1. Please state which of the following conditions residue 75 fails to meet, knowing it meets all the rest: (1) more than 17 Å from the chain's Cα centre (by Cα); (2) under 26 Å from residue 55 (Cα atoms); (3) of a type outside the set (A, V, I, L, M, F, W, C); (4) modelled with pLDDT under 85.
2. Does residue 124 satisfy the condition of being within 22 Å of residue 212 (Cα to Cα), open to solvent by 20 Å² or more (accessible area, probe 1.4 Å) and in contact (Cβ under 8 Å) with a residue 24 or more places away in the chain?
3. Which ones in region 160-205 are among the hydroxyl-bearing types (Ser, Thr, Tyr), in contact with a Leu (Cβ under 9 Å, 6 or more places away or on another chain) and open to solvent by less than 20 Å² (accessible area, probe 1.4 Å)?
4. Taking only region 86-104 into account, find how many residues are assigned to a helix (DSSP H, G or I), touching a residue at least 60 places away in the same chain (Cβ under 8 Å) and not hydroxyl-bearing (Ser, Thr, Tyr).
5. Could you say whether any residue in region 17-33 is at pLDDT below 90 and either exposed (fewer than 11 other Cβ atoms within 10 Å of the Cβ) or out of contact with any Gly (no Cβ under 6 Å at 6 or more places or on another chain) (or both)?
Amino acid sequence: MKNILVPIGSSKNALSHLQYAVDFAESFGAKLFIVQVYNVYTKAGTMIKIDPIIERESKAFLNDLVSQIDTKNVKVVKKTLKGKLISTLELVSKKANIDLILVEPRTNSIREEVFLGKTSGKIIKQTQIPTLIVPEGYKFKPFSNILLAIKSAIIRKNDALDPLLSVKNNFKALVNMLLVKTPYYNEGDFNVEQKLLDTVDNIIKTENATTFHGVLQHLQSYNPDMLCVVRRKRGFFTKKWEKNVILKKDFSSSIPVLVLRGLK
């Protein structure tokens, strides 16, 4: 893992999240790209040019935040970018060869009942970039026990497991794989390919209504310090991702959640 992207909002957790990102990047010897994306909607007849003002304020905000954290030996690149959130992040990720995005659950929302706010939810739902959701106020520590929850072991994208492999190898972590048989099970879904066999240390099979319910059933038994799930049309957050905002009553996590791109 060489390049890590951190989109920054205006949350009260921004400093803590940035420090986590630096500590995480340092453990891999990775470069950290810290960006703030802004969009300007102008009204007809407006005499003042808003763009330069917003850009100047965004740069000052970003510089102030970074000045308050310990960047250690990590190479940090700061950028303020104008554009739509998803397309801008995808463009940056492509140009900078980003391996992983680190997001905090609520970049702008102050609603306590919200787990994933609109911005973070958009990043998770609308991109195929591997993402690590870091709980608010979470302090970095090496990972030792990862729970990978999937409903199909079929892998058609060669690099889909790369973020998980990077974390496993870097921290010498144990990976337990939970194979969840759901009503959408297809013959062959549990045929584990060699690359996946080489990645995991233990395989657990269960039958539940959804992958999400399978995780709820087994999470305490395996007590992981990272949960790993996969983006897919009928995956971990089937209904919960129909909207960008996810409430704590529907799902919440006290540990980091690594969201891989789709395996197929």
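1. The number of the failed condition is (4).
2. Numbers: within 22 Å of residue 212 (Cα to Cα): yes; open to solvent by 20 Å² or more (accessible area, probe 1.4 Å): no; in contact (Cβ under 8 Å) with a residue 24 or more places away in the chain: yes.
In short, no.
3. Residues of region 160-205 among the hydroxyl-bearing types (Ser, Thr, Tyr): 166, 182, 184-185, 199.
Among the residues that remain, those that are also in contact with a Leu (Cβ under 9 Å, 6 or more places away or on another chain) are: 166, 199.
Within region 160-205, just 199 meets the criteria.
4. Narrowing region 86-104 to residues assigned to a helix (DSSP H, G or I): 86-95.
Add one more test, that the residue is touching a residue at least 60 places away in the same chain (Cβ under 8 Å), and what stays is 89, 92-93.
Still in the list and also not hydroxyl-bearing (Ser, Thr, Tyr): 89, 92.
Qualifying residue count for the region: 2.
5. no
The values are calculated or read from the model by the stated rules, or taken from the named source; none is laboratory data. The shown structure was predicted, so the numbers you read here are calculated from the model rather than taken from an experiment. Positions of Cβ are backbone-derived with ideal geometry, glycine not excepted, and every protein chain shown enters the neighbour counts. Note: accessible area is taken over every heavy atom of the protein model, side chains too, but ligands, DNA and RNA are not part of it. Shrake-Rupley method; radii C 1.70, N 1.55, O 1.52, S 1.80 Å.
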